[in-house]
1. Among (1) in contact (Cβ under 8 Å) with a residue 24 or more places away in the chain; (2) surrounded by fewer than 18 Cβ atoms within 10 Å (Cβ to Cβ); (3) closer than 19 Å to H6 by Cα, there is one condition E356 misses while meeting the rest; what is its number?
2. Please find, among T53, T78, T70, the residue that is open to solvent by less than 20 Å² (accessible area, probe 1.4 Å) and more than 16 Å from the ligand (Cβ to nearest atom).
3. In this structure, is V265 more than 16 Å from the ligand (Cβ to nearest atom), more than 18 Å from the chain's Cα centre (by Cα) and either touching a residue at least 40 places away in the same chain (Cβ under 8 Å) or buried (at least 23 other Cβ atoms within 10 Å of the Cβ) (or both)?
4. So if I check each of I60, I40, which one is open to solvent by less than 10 Å² (accessible area, probe 1.4 Å), touching a Gly at 6+ places or on another chain (Cβ under 7 Å) and in contact (Cβ under 8 Å) with a residue 24 or more places away in the chain?
5. Residue check, V107 against (1) within 16 Å of the ligand (Cβ to nearest atom); (2) more than 19 Å from the chain's Cα centre (by Cα), all met but one. Which one?
6. Can you tell me which residue within segment 274-297, out of those that are polar (S, T, N, Q) and assigned to a loop (DSSP other than H, G, I, E, B), is surrounded by the most Cβ atoms within 10 Å (Cβ to Cβ)?
Amino acid sequence: MLRDQHILRIPGPTPIPPSVQRAMNQPMIGHRGNESKQLIERIKPKLKPIFGTNQDVLLISGSGTAGLETAVVNTVSTNDEVLVIVTGAFGDRFVKICNTYGLQTHVLEVPWGEAVKPEQVEQFLRSHPNLKGVFATFCETSTGVLNPIEQIGKIVREQSNALFIVDGVSAVGGAKVEMDNWSIDVLVTGSQKAFMLPAGLTMVSVSERGWDVIHQNKQPRFYFDLTSYQKKLEDDSTPFTPALSLLFGLEQVLTLMEEEGVENVFKRHQMMKDMTRSAVHALGIPLLTSDEDASPTVTSIKPDDFSAEDLRKAVKEDFNLTLAGGQQHLKGKIFRVGHMGYCSPADVLQYIGLLEIGLTKIGKEVPLGAGVAAAQNVYVNREGKHVL
Ligand SMILES: *Cc1c(COP(=O)(O)O)cnc(C)c1O
């Protein structure tokens, strides 16, 4: 096996395009000089269509969780009543952050593998009129569910005065989002998922309504104080030394997305989801999530007659194909394929083909090629026949 050929299909970190890798190799520049200013000036407008917003997108050094904590400390303060919608491990993380800051945290939890239903949120809001924030996960990476953020946003806006705060770490850049139209007040993402970069950069955008609350909020915060990022960004700068190499890479990522067309980026992710799911269906293997709830960026597969861990081991050994396992109580019960960022329909055919071989190796009999053929059919019969 070619040891340096690593087929990384986990839901983050994800592979990095060669041109992005090269961009990140640029020599350092001064972070208070003109080069940095111009770099941020070029990046700023290109981020907006990916978030679906007219607001600026703030750049903070830190992994995605830093962005989640930023969202919490800026929008609410100790003893405030909040709701966290939990559909898996990352919803759980929001609960932990809220508890860390002494909030009165209500949890609306649905079984892992399902999306929350907008009616459930509506009902909860009716009986809790004092909520200051509603926290939700767009793509719940631990299960592969895409929550109905558009509908929830509408309900939150109509039924309460709470801010609507969304973890979009494994969705933004792969799934269509319209922050402004969907009434999202804070949208957070990270660099190492659909953004095709290494971990280390979190991106946060805030609605006008969100800013009004943030400016009034007395909760102590320093590094994560969004008002200082806002003020500096007006000058195309950051309050602290930015992760410049990641910004070099980000500019190239945004160029790639612009060249492909942002709408086409989203269509490509939908296609990869559909190809993957129909291949797994064709192989007779159960999926964790329903077609309606499934995310375009990650697919969870829940075998009933073979071991998910054995399969992961087999494809790792033979092909250096890395798949993700399950988290918490789903550990050992599911495996997850990340198909986001630097991933195309061609890559889907590759991992489906390799999965079929892996299944044969661990003694699960499948008709070789059946999954690949199903995925090929999805591509060949796609609507509009646009190139993906
Ligand atoms: C990856 C991820 C995060 C952030 O994790 P970090 O390890 O801190 O980057 C947060 N939310 C979701 C939904 C994620 O997939």
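The values are calculated or read from the model by the stated rules, or taken from the named source; none is laboratory data. No experiment lies behind these values; they were computed from the predicted model shown. Here the Cβ is made from the backbone with ideal geometry for all residues, glycine too, and neighbour counts use every protein chain on show. Ligands, DNA and RNA are stripped out before the accessible areas are found, and what is left, the full protein with its side chains, is counted by its heavy atoms. Shrake-Rupley method; radii C 1.70, N 1.55, O 1.52, S 1.80 Å.
1. So E356 meets the others, but not (2).
2. Working: T78 fails: open to solvent by less than 20 Å² (accessible area, probe 1.4 Å); T70 fails: more than 16 Å from the ligand (Cβ to nearest atom).
Result: T53 is the single residue among T53, T78, T70 that is open to solvent by less than 20 Å² (accessible area, probe 1.4 Å) and more than 16 Å from the ligand (Cβ to nearest atom).
3. Details: more than 16 Å from the ligand (Cβ to nearest atom): yes; more than 18 Å from the chain's Cα centre (by Cα): no; either touching a residue at least 40 places away in the same chain (Cβ under 8 Å) or buried (at least 23 other Cβ atoms within 10 Å of the Cβ) (or both): yes.
Answer is no for this residue.
4. Working: I40 fails: touching a Gly at 6+ places or on another chain (Cβ under 7 Å).
Exactly one residue qualifies, and that residue is I60.
5. That leaves (1) as the condition not met.
6. First pass over segment 274-297, keeping only residues polar (S, T, N, Q): 276, 278, 289-290, 295, 297.
Applying the additional criterion that residues be assigned to a loop (DSSP other than H, G, I, E, B) yields 289-290, 295, 297.
Numbers: T289: 24, S290: 11, S295: 27, T297: 29.
So, considering only residues that are polar (S, T, N, Q) and assigned to a loop (DSSP other than H, G, I, E, B), the one surrounded by the most Cβ atoms within 10 Å (Cβ to Cβ) is T297.
Residue-wise test of (1) in contact with a strand residue (DSSP E or B) (Cβ under 9 Å, 6 or more places away or on another chain); (2) charged (D, E, K, R); (3) closer than 16 Å to N217 by Cβ; (4) assigned by TED's automatic domain parsing to the domain that holds E140.
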{"site": "P49", "(1), (2), (3), (4)": "no, no, no, yes"}
{"site": "N74", "(1), (2), (3), (4)": "yes, no, yes, yes"}
{"site": "S77", "(1), (2), (3), (4)": "no, no, yes, yes"}
{"site": "V82", "(1), (2), (3), (4)": "yes, no, yes, yes"}
{"site": "V86", "(1), (2), (3), (4)": "yes, no, no, yes"}
{"site": "K96", "(1), (2), (3), (4)": "no, yes, no, yes"}
{"site": "V107", "(1), (2), (3), (4)": "yes, no, no, yes"}
